[in-house]
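Report on the structure given below.
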Amino acid sequence: MMLTILAIVTALSVATSGDQPTESSITPKEAMIRAHALAASDSGRVAIVTIGKSWSGHLIEAIVLSDKVSDAANHPAFLLVSGLDGMRPSSVSIAVNAAKRLLDTPEILKDNTFYVIPCANPDVYFAPRSKSSASGNRNHRPFDEDRDGRVDEDPPVDLDGDGVITQMRRINPPANDPPTHLPDPTDVRLMRTADATKNQRPTHTIYTEGIDADSDGFVAEDDIGGVDIDRNFPHRWPEFDPSAGSYQLSEPESQAISTFVLEHPRIVASLVIGRWDNLVKTPDSQAKDVTGRTPLALDSGDLAIWSEMGRKWRDLSGGARAVDVDPSGSLALWLYAHRGIPTFATQSWGRPDASPAPPLAEPVAPVTADATTPVSPVAQPAEKLEDEEATGWLAWSDRDQAGKGFIEWKSFKHPTLGDVEIGGFRPGFRSDPPLAEVAKLDDAVAGFISELARRQPRVVLRNVTSRESAPGIYEIEAEIVNTGWFPTATAMGKINQQSDPVVVRLSLPKDRIQSGQRVTIVDGLAGAGGQKSFRWLVQASPSESIVLETTWKPMGTIRASITGDRVSEAKVVNP
């Protein structure tokens, strides 16, 4: 009997899996084909490099964009990562299309490099398996989620054969399967948790669509795979979350991305498209961990930066809503908190406003708690919504998407649970935009990345002067100024001491510098005009050449030569 059930699970899983085309977007496979075509058509400005392989062996590739791709490593760089979350397949094509738009803006490529990793977690798109919304962001590594010594033996199953994994609800279950939910009075298609303090009596239990393949009393609790790559990075790694991996950076995908970042120290800022958002909703900059020292998501010193860039993103994308998620272990949080890189995160798309509801012809009678017949979501406007987000999605599905986003509950005879109903939101409906929205998001992502480049820190060495104050003694003065909008180091970057400092160096030996430091390390210059001045008294002959250098790794070295009271023009010299 066990072999028969496992055979059914395997057959149904494979039959409903793979890189399936949808109405909502270009498939990730098609998007990567476009990326390679882009590189082939413009090899002078575009290259594709392999940075690693997924657990299943799929290539993880990065698109390199620069005015001269052969010189890409010598310019300030900006990173775009997408394709982390399997419930957002359009993010892959959005990233590739954003790269194409950057190429169509040659002025933004001048003296800048862009690294685009369109499909950071290819297993979620290319590995053959079925997926529910709960498992759509995990790679294909076998994993014992229910800790029973077996792996991947009880995945979700498309029991009703409609091509998707949704939910099952069981009405009036027996005592050994106590109910936890009841139909929402605002719309009985939605389920809400029962609140005993309000005398709400639960009537249903809820499951992921599937069977109890391992006969342990739990339904579909050990899915095929794996590890959620966007929970596998070091900062605030959720060690007790089974989907976060056995240890930090345990997965080849997270290792490949982190290694790429470490090997490209000129990355100035980044954008991650995935499950977390810090642009539509600016994170709480006062929230700290249990130590009271480490910010949960954003240091208060960086609040103004995120507030302004969030405003810019909302203007570009039109986004007004984002789903709250815990960013622990995410790529974006690691880049910001450990590497000191200002990193912005977006879910790319949020719930749209539904069209106005048609007026009711006549009052509708209240819905009882045990009702199971679907009614209009506007039938009970006086009832407080428990889940405003779900209700809004359902309204948008009904009024604007011809009901495509929600699969109506239908009776089904379950092999072990008996009479159940199968239905619920279609996986991906609430996370992946329809095709009509994708082009706007392509523009928004390209525009935002371009804005990062335009606002990048720009260290300038200026007002360099030299005068002889006594025979053989020269007084040298200079200023360094950040003429860009971003600071050279975020507040978090200063705390973790990972942001590159600005180093000012005079070429003379230390014993000939009577006043001032031969080497000065500046931990950061504020944005929009942050500056620091310097003054030295040095021993030198009138014909001796002295070199004054200012180095900030992402931009390179600025050098001015001083001979007596003559000063050359300061110029940027890349390493």
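Scanning for something farther than 30 Å from G524 by Cα and modelled with pLDDT of 90 or more, does the stretch 445-460 turn up at least one residue? If you could, list the steps in order and put the result at the bottom.
Here is the first cut: in the stretch 445-460, the ones farther than 30 Å from G524 by Cα are none.
Within the stretch 445-460, not a single residue is farther than 30 Å from G524 by Cα and modelled with pLDDT of 90 or more.
Could you say whether any residue in the stretch 243-254 is at pLDDT 95 or above and within 15 Å of the chain's Cα centre (by Cα)?
Looking for residues that are at pLDDT 95 or above and within 15 Å of the chain's Cα centre (by Cα), one finds at least one in the stretch 243-254, hence yes.
If I ask for residues that are closer than 28 Å to M309 by Cβ and among the aromatic types (F, W, Y), which ones from the stretch 433-474 would you list? It would help to see each step written out before you state the result.
Filtering the stretch 433-474 for residues closer than 28 Å to M309 by Cβ gives 433-462.
Residue satisfying the conditions is F448 alone.
Can you confirm whether the stretch 546-559 contains a residue that is farther than 30 Å from F78 by Cβ and either touching a Cys at 6+ places or on another chain (Cβ under 7 Å) or not in a strand (DSSP E or B) (or both)? Steps first, please.
At the first step, the residues of the stretch 546-559 found to be farther than 30 Å from F78 by Cβ are 546-547.
Filter again for either touching a Cys at 6+ places or on another chain (Cβ under 7 Å) or not in a strand (DSSP E or B) (or both), leaving none.
Within the stretch 546-559 (the criterion being farther than 30 Å from F78 by Cβ and either touching a Cys at 6+ places or on another chain (Cβ under 7 Å) or not in a strand (DSSP E or B) (or both)), the answer is no, since none of the residues qualifies.
Listed here are the residues, each with its yes/no results for (1) more than 16 Å from the chain's Cα centre (by Cα); (2) closer than 22 Å to N496 by Cβ; (3) hydroxyl-bearing (S, T, Y).
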{"site": "P265", "(1), (2), (3)": "yes, yes, no"}
{"site": "P283", "(1), (2), (3)": "no, yes, no"}
{"site": "T291", "(1), (2), (3)": "yes, yes, yes"}
{"site": "L298", "(1), (2), (3)": "no, yes, no"}
{"site": "S307", "(1), (2), (3)": "yes, yes, yes"}
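Restricting the stretch 45-61 to residues that are under 17 Å from V92 (Cα atoms) and among the polar types (S, T, N, Q), which is surrounded by the most Cβ atoms within 10 Å (Cβ to Cβ)?
Once the filter is applied, the top-ranked residue is S54.
Could you say whether any residue in the stretch 531-547 is more than 18 Å from N463 (Cα to Cα), in contact with a helix residue (DSSP H, G or I) (Cβ under 8 Å, 6 or more places away or on another chain), buried (at least 16 other Cβ atoms within 10 Å of the Cβ) and not hydrophobic (A, V, I, L, M, F, W, C)?
no
Would you mind stating whether G44 is at pLDDT 90 or above, under 24 Å from the mean Cα position of the chain (by Cα), over 30 Å from D160 (Cα atoms) and part of a loop (DSSP other than H, G, I, E, B)? It would help to see each step written out before you state the result.
Values: at pLDDT 90 or above: yes; under 24 Å from the mean Cα position of the chain (by Cα): no; over 30 Å from D160 (Cα atoms): yes; part of a loop (DSSP other than H, G, I, E, B): yes.
In short, no.
Taking the stretch 497-527 on its own, how many of its residues are surrounded by 12 or more Cβ atoms within 10 Å (Cβ to Cβ) and in a loop (DSSP other than H, G, I, E, B)?
Residues that pass the stated criteria total 14.
Give the residue that is modelled with the highest pLDDT, with candidates limited to residues of the stretch 366-411 that are in contact with a Lys or Arg (Cβ under 6 Å, 6 or more places away or on another chain) and assigned to a loop (DSSP other than H, G, I, E, B).
That would be G405.
Could you please give the count of residues in the stretch 459-478 that are free of Cβ contacts under 8 Å to residues at least 60 places away in the same chain and either in contact with a Lys or Arg (Cβ under 6 Å, 6 or more places away or on another chain) or not in a strand (DSSP E or B) (or both)?
2
Please enumerate the residues belonging to the stretch 78-119 that are in contact with a helix residue (DSSP H, G or I) (Cβ under 6 Å, 6 or more places away or on another chain) and of a type in the set (S, T, Y).
Those that are in contact with a helix residue (DSSP H, G or I) (Cβ under 6 Å, 6 or more places away or on another chain) and of a type in the set (S, T, Y): S82, S90, S93, T113.
Restricting attention to the stretch 487-496, report how many residues are surrounded by fewer than 22 Cβ atoms within 10 Å (Cβ to Cβ) and in a loop (DSSP other than H, G, I, E, B). Steps first, please.
Step one: of the stretch 487-496, the residues surrounded by fewer than 22 Cβ atoms within 10 Å (Cβ to Cβ) are 491, 494-496.
Of the ones still in play, those that are also in a loop (DSSP other than H, G, I, E, B) are none.
Residues in the stretch 487-496 being surrounded by fewer than 22 Cβ atoms within 10 Å (Cβ to Cβ) and in a loop (DSSP other than H, G, I, E, B): 0 in total.
Select, from V502, V481, the only residue that is closer than 30 Å to Q286 by Cβ, touching a strand residue (DSSP E or B) at 6+ places or on another chain (Cβ under 7 Å) and free of Cβ contacts under 8 Å to residues at least 60 places away in the same chain.
Details: V481 fails: closer than 30 Å to Q286 by Cβ.
The unique qualifying residue is V502.
Give the residues of the stretch 233-248 that are more than 15 Å from A337 (Cβ to Cβ) and polar (S, T, N, Q), sorted by residue number. Show your work before the answer.
So in the stretch 233-248, the residues more than 15 Å from A337 (Cβ to Cβ) come out as 239-247.
Those that are more than 15 Å from A337 (Cβ to Cβ) and polar (S, T, N, Q): S243, S246.
Please indicate, with yes or no, whether at least one residue in the stretch 427-444 is crowded, with 21+ Cβ neighbours inside 10 Å, among the charged types (D, E, K, R) and assigned to a loop (DSSP other than H, G, I, E, B).
Yes.
Of the residues that sit in the stretch 167-201 and are of a type in the set (K, R) and assigned to a strand (DSSP E or B), which one is surrounded by the fewest Cβ atoms within 10 Å (Cβ to Cβ)? Full working, then the answer.
Step one: filter the stretch 167-201 for residues of a type in the set (K, R), giving 169-170, 189, 192, 198, 201.
From the residues that got through so far, the ones that are assigned to a strand (DSSP E or B) too are 169-170, 189, 192.
Values: R169: 21, R170: 21, R189: 24, R192: 18.
For the stretch 167-201, the residue satisfying everything is R192.
Just to be sure, is D277 crowded, with 23+ Cβ neighbours inside 10 Å and part of a loop (DSSP other than H, G, I, E, B)? Show your work before the answer.
Details: crowded, with 23+ Cβ neighbours inside 10 Å: yes; part of a loop (DSSP other than H, G, I, E, B): yes.
Yes.
The values are calculated or read from the model by the stated rules, or taken from the named source; none is laboratory data. Small disclaimer: the values here were computed from a predicted structure and weren't measured. Glycine gets a Cβ as well: all are built from the backbone with ideal geometry, and neighbour counts include every protein chain shown.
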